[in-house]
Amino acid sequence: MQVRNDLLDRLKSGDEQAFKILFYEYYGELVIYAYSFLGNKSQSEDLVQDFFIGFWQNRKFMSVNSSLDSYLFISIKNMSLNVLRREKFKSRNLSDMDFDCPAESEDDVTNEDYKQFDYSKLYEAIHKLPEARRKIFTMCIIDNQKYKDVAERLNISVNTVKVQMSRAFKFIKENCLFFL
């Protein structure tokens, strides 16, 4: 434990050699851990490499106040689960999802109306959102995070998240011709 604390102190002082030691000491274990979630070696290796790049470039080690081991493994677990959530969303067939239809009564809409809806418009509308708004929308809807958690992660107010989500829904509704 003392060695790891020393390594963390060295990282916080900007010691690149400490980062290299950390990388070589944990890389294999973290890949195996990511693989336990993802079941794909290449994807697991990429995820761990991405983690270490962000860990160093964004100075994420500066916020580590507890066990470095715990931080590393919890981070890899969360990243792996996010990958699985994104894959699940991408593979989901949107034509099977129920959307509210703007009909006056149920008699006004037939099953054929649903089948004719072009779901690619939904994807296009999401991708047309401004980058920051799309990120908030993705975190809330696709990653299923609470507004409060999104606000904390992005260092913005909860009210900003609410406003951006409202604008995103309005834009998507206007561009997809259906009501969410």
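Among the residues that make up segment 131-144, is at least one of them hydroxyl-bearing (S, T, Y) and either closer than 30 Å to R10 by Cβ or at pLDDT 85 or above (or both)?
Checking segment 131-144: not a single residue is hydroxyl-bearing (S, T, Y) and either closer than 30 Å to R10 by Cβ or at pLDDT 85 or above (or both).
Restricting the first residue to segment 158-171 and requiring it to be in contact (Cβ under 8 Å) with a residue 60 or more places away in the chain, which pairs with a second residue that is of a type outside the set (G, A, S) and assigned to a helix (DSSP H, G or I) meet a Cβ separation below 8 Å and a spacing of at least six or different chains?
Hits for this filter: zero, empty list.
The values are calculated or read from the model by the stated rules, or taken from the named source; none is laboratory data. Predicted, not measured: the structure shown is a model, and the values here were computed from it. Every residue, glycine as well, gets a Cβ built from its backbone with ideal geometry; the counts of neighbours run over all protein chains shown.
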